[in-house]
1. What is the helix-to-structure angle for 133-145, meaning the angle in degrees between its Cα long axis and the longest Cα principal axis of the chain, kept from 0 to 90 and rounded to the nearest 10?
2. Give me the one-decimal nm value for the distance between modelled label points at residue 469 and residue 110, 7 Å along each residue's Cα-to-Cβ direction.
3. Calculated FRET efficiency, residue 259 and residue 292, Cβ-Cβ r, R0 25 Å, to nearest 0.05?
4. Efficiency by 1/(1 + (r/R0)^6): what FRET value for residue 140 and residue 46, r their Cβ-Cβ distance, R0 = 30 Å, to the nearest 0.05?
5. Work out, step by step, the length gained on full extension between residue 81 and residue 404: first 0.36 nm times the residue separation, then minus their alpha carbon distance; give nm to one decimal.
6. How many nm separate the modelled label positions at residue 348 and residue 425, each set 7 Å beyond the Cα in the direction of the Cβ?
7. Short version: ³J(HN,Hα) in whole Hz for each residue of region 250-257, in order, from phi by Karplus 6.51 cos²θ - 1.76 cosθ + 1.60 (θ = phi - 60°), x for Gly and Pro, what are they?
8. What is the distance in Å between the Cα centroid of region 126-156 and that of region 69-113?
Amino acid sequence: MKLRPYQQEAFDSMCDHLRQGDSTLVCMPTGTGKTIIFAHAVAKAKGRTLVIAQRQELVYQAAAKIEQCGVSPELEMGVHRATADDSPWPNAKCIVASVQTLNGDYGGWKKRMHRFKDIGLIVIDEAHHAASPSYQKVIDYFRRVNKNLKVVGFTATPDRMDELKLPFESVAYNYELPQAIDDGWLVPIHQKVVHIASLDFADIELSRATGDFSVHALDATMKYEENLHGVCTAIKDIGKGRRTLLFTTSVHHAERACEVLNRYEPNSANYIYGKTPDDHRRVLLKDFDDGKYPYLSNCMVCTEGYDSPGIKIIAVASPTRSRAKYAQQVGRGMRPLTGIVDGLPDADLRKEAISLSTKPHLTVLDFTGQNALRHKLVSTADLLGSKFPEEVRRGAARLAAISDEPLDMQEALEAEDLLYKKELSERKRKGIKATAVEYTVEAICPFSLLDVKPARVGPWTNTKPLSDKQVDLLVRNGINTACLNIAEQRQVMNALFRRIDGGMATFKQMKMLQDCVGLSTAESKKVTKERATFLISDYISR
């Protein structure tokens, strides 16, 4: 397995960082061959190596790649037991283990990880999990028994919604997704946003633990009959029998989606979940890879460690605020068809080969509905637009939402970036700095725009908090409630109602009239809602 140029760069940089420190991280998109790189690291390592993975599929996948590099690994997972250090038999050069098994009981206070001490290098696959206690316990144990231990992690998604710091001293290599596409190693992404009228995000609460949607609340919404049929109809009509991997919110959701798809097109769909028996799962995945049926509905099985280059559509029926989760899902379809790009010496040839293949791009179906703007749903614009300003990413996402056909998201981002730069240039010519405008947007005082003075707080003050609907009204109108006390929130709410009843521009419209159209505070106060809508629409259309 010869390394590609970027893989060789990653390998060399990893080695340099491990010579200078005890741990490092390699970040590369799904489909670019992280497993191949650490398989080479295992083969080149002088001492014994422990490779740790989160899931059964990843353990088997890692062991297979390592064996292709000339090393026969042993497994430490469930009933599989690697040769212990105190065994009379020779130790294998590499152990591939699941983190759950390493933390499993071995007898008394001992864990199964205590069977091993002679480990010089730990490789962590899907290293965004490495911040969790189960990984920390393993790393801490092996550091105690070997002070010279080296640790390297590989991940496509180093960002976590809980913002826990990953336990690595440095980042040895970071290969960005847009660069991998530009280099012709991954296929371009075309996004299609499917609006489902019955899908309402208003009542989907957020989890305090993760910051993402509550699984139960999201599941109840997505399984609603009309929403379920909206998703499946779109998959059928847009997919047209092309191989589609569907991500769902729960096992029951996966089962229902499969049932509905088969109702429309008999024998077209199957579903899998974590407890699908191993033998049956292997058959289902192989049949899907072989094209024996076009639609596979899954719950938390194909998110990590599943490779199927023939996937042409990813249907995200599990909307998320987590970039990492979304990237893992979309990444399942980013690989070109087998044998298309390897052996071609430059990016242009590889991109041409992809464009001429039967998989010229990956289509991503995102599903949205009412009140979606209350939540920052992750889209492909966020995956590809990390180097672009937030305004550009939002603009590209809007283009995808109104486009009749799946939209090339890199082209959309570049087009929005040109418009954004032109707008900034025009602002500068008018003497308005972009940074000043951005600051002003955040700093605008609702009292000055609404012509009221902040209330004095005293014994007479009504301290009863606003209802959730009242707070929601303020937020939807662009009011930052966090900087207002209860009395001030009531004042602002009453002033908003007075403007609404009088047919005047809303607070959010007044901010846009100032920030974009260029009206003064005094001028924006006098504009009616109808006139404000016209001025803002005229500005956007330019």
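The values are calculated or read from the model by the stated rules, or taken from the named source; none is laboratory data. Only a predicted model underlies this, so the values are computations on that prediction, with no experimental measurement involved. Backbone-built Cβ (ideal geometry, glycine too); neighbour counts: all protein chains shown. Just so you know, the surface numbers come from the protein's heavy atoms only, side chains and all, with ligands and any DNA or RNA stripped out. Shrake-Rupley method; radii C 1.70, N 1.55, O 1.52, S 1.80 Å.
1. Taking the Cα atoms of the chain, the angle to 133-145 is about 40 degrees.
2. 6.4 nm
3. Working: r = 19 Å, r/R0 = 0.74.
My answer for the efficiency is 0.85.
4. Working: r = 23 Å, r/R0 = 0.78.
The formula returns an efficiency of 0.80 here.
5. On the way: separation 323, 0.36 × 323 = 116.28 nm, distance 5.44 nm.
Full-extension gain reported as 110.8 nm.
6. 2.7 nm
7. 7, 4, 5, 4, 4, 5, 5, 4
8. Using only Cα atoms, the two centres lie 16 Å from each other.
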